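K.L.:
I'd like to ask some things about the structure below.
The values are calculated or read from the model by the stated rules, or taken from the named source; none is laboratory data. Computed from a predicted structure; not experimentally measured. Virtual Cβ from ideal backbone geometry, glycine too; neighbours counted across all protein chains shown. Note: areas computed on protein heavy atoms with side chains; ligands, DNA, RNA excluded. Shrake-Rupley method; radii C 1.70, N 1.55, O 1.52, S 1.80 Å.
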Amino acid sequence: MLLDEDGDDPFPVGADIFDETFFEDQVYTLLGQDLKIRQLFGAQLGVAAPVWDAALHLCRFMEKQGVELRGKRVIELGAGTGVVGIAASLIGAHVTLTDLPLALTQLQTNVNLNTPPGGWSSVPPAVLPLSWGQDHTGFSSDWDLVLGTDIVYLPETFPLLLETLAHLCKRGATVYLSSKMREEHKTSEFFEDYLSHRFHVQRVEHDEEQNIHIFRAHLMKDQSLPLNVDPSAEQL
């Protein structure tokens, strides 16, 4: 596991992660699109405030692998700044961005900042509250892709996240989860002991330097692998 250069845990235990409230705008080029992303530090947003490396890795992976996004129905969990979902929407995906209610203002701000001058090519990204394991059944199961980046870090939420993913994927959605593997937060336990019990899981990318893994998963229908699973990818 890699820590910050000063050795600090980037996901410290405790609510007061940022003492002051301020914002920072930054431009990213992802999926062939320039995005202006506002990160609102403070206001009790905590880990929802910044753009995490795992999000950038997932965008670059999808671009490199040619993951089809145009016209696809995409939902992002724990979207935070919305950088992944907004990038997907700019190239024509039908995107729903979700997070806890506290993060929705930041999400909507970033949607507004990235609205093309001529309007969205498909539909604007929807911004909705979603508390895993509580109100997930109010969402459709009719998705093509379910995305999440650095959302696996609180063990008490693992069963809730699993239940939410299972509901969203009932009709065959593909899940992509990009995570920095933090031993103290038992990240690997979620993929090995939770997700793999109900999903066929493959590790499809591994950045050894930053210890970021990208997993692709499909909800199990029976004990056989889905037809679209790549046999060359690493199985869990």
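K.L.:
Would you kindly state how much longer the chain becomes between Asn112 and Phe139 on full extension, computed as 0.36 nm times their sequence separation minus their alpha carbon distance, in nm to one decimal?
P.N.:
Numbers: separation 27, 0.36 × 27 = 9.72 nm, distance 2.33 nm.
The Asn112-Phe139 span can extend by a further 7.4 nm.
K.L.:
If each residue of separation counts as 0.36 nm, what is the full-extension length gain between Ser131 and Arg70 once their alpha-carbon separation is subtracted?
P.N.:
Working: separation 61, 0.36 × 61 = 21.96 nm, distance 2.72 nm.
Stretched fully, the Ser131-Arg70 segment lengthens by 19.2 nm.
K.L.:
Further question: How about the range 107-198: which trypsin sites (Lys or Arg not before Pro) there lie in a loop by DSSP and see at most 14 other Cβ atoms within 10 Å?
P.N.:
On the way: sites: Lys170, Arg171, Lys180, Arg182, Lys186, Arg198; in loops: Lys170, Arg171, Arg182, Lys186.
Here the trypsin sites (Lys or Arg not before Pro) that fit, given the DSSP loop and packing criteria, are Lys170, Arg171.
K.L.:
With a probe of 1.4 Å, find how much accessible area the range 87-236 has per residue, and write the answer as a whole number in Å².
P.N.:
Working: 6870 Å² over 150 residues.
With the other protein chains kept in place, the range 87-236 gives 46 Å² per residue.
K.L.:
Report the per residue volume, in Å³, of the convex hull enclosing the C-alpha atoms of the range 49-142.
P.N.:
Details: hull volume 9.6 nm³, N = 94.
Here the figure is 103 Å³ per residue.
K.L.:
Now for a separate question. Once neighbouring chains are kept in place and the probe is 1.4 Å, which whole percent of the accessible area of the range 35-116 is contributed by carbon and sulfur? Can you show the working numbers first?
P.N.:
Values: 1420 of 2830 Å².
Reported share for carbon and sulfur atoms: 50 percent.
K.L.:
Starting from 0.36 nm per residue, how many nanometres of slack lie between Glu183 and Gln26 once their C-alpha separation is accounted for? Working shown, then result.
P.N.:
Working: separation 157, 0.36 × 157 = 56.52 nm, distance 2.98 nm.
Result: 53.5 nm gained on full extension.
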